[in-house]
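Below is one structure, written out as structure tokens; comments come after it.
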């Protein structure tokens, strides 16, 4: 659906509740001063293509978790907020999810699972390994949860160095500028 949207002369939202909206929203969790503003911007990023209520909900939930993690919320508070605001069932464990989990591309079946992996993880790498161990749409799950894990734990220097070796110059330019925005926002929130 995204391919056709990209190729049309007048692209319009196409009612998707796919997990792409949650996969691409992490910057909204880093760049705004309040949870309300973060949710509003997450909604805007989703609405371009994923304007189904579930697509929007997935983006808002992921961005909210990142915002709360980067501003010092404990995991219990993040869990309670996500459950009360978005209605996701976060009572399961990854061990309960893993046996029957399969490749699903909807927010309803990937965002809660990613958040559960974040809640169970003990450090950045553990969160990533935990979500990958679920199987299914692993690259998307990892994309969704990576921002949460970074906001809560930071990314280990050795992983940053390895990733930087693999990026082309144009991507490095973007990557090198992003911390300026994160630091500015963190100072404004504090």
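Under the criterion of Cα pairs below 8 Å and six or more residues apart, the relative contact order for the chain equals 23 percent. Put a dot 7 Å past the Cα of residue 104, heading toward its Cβ, do the same for residue 133, and the two dots end up 2.0 nm apart. Full extension of the chain between residue 80 and residue 164 yields a length gain of 26.7 nm, computed as 0.36 nm times the residue separation minus the alpha carbon distance. The value of relative contact order for the stretch 59-160, using C-alpha pairs under 8 Å at least six residues apart, is 30 percent. Summarised as an ellipsoid, the stretch 89-190 has semi-axes of 27, 16, 13 Å, derived from the eigenvalues of the Cα gyration tensor scaled by 5 and square-rooted, with the largest first.
Computed with the Debye formula from one identical point scatterer per Cα of the chain, without solvent, the log10 of I(q)/I(0) at q = 0.14 Å⁻¹ comes to -0.79. Post the alpha-carbon centroid distance, the stretch 1-71 to the stretch 92-152, in whole angstrom. Rounded to whole Å, the Cα centres lie 18 Å apart. Across the stretch 1-94, Cα pairs under 8 Å and at least six residues apart give a relative contact order of 29 percent.
Bear in mind these aren't lab numbers, they're just calculated from the coordinates by the rules spelled out. The shown structure was predicted, so the numbers you read here are calculated from the model rather than taken from an experiment. Glycine also receives a Cβ, built like all others from the backbone with ideal geometry; neighbour counts cover every protein chain displayed.
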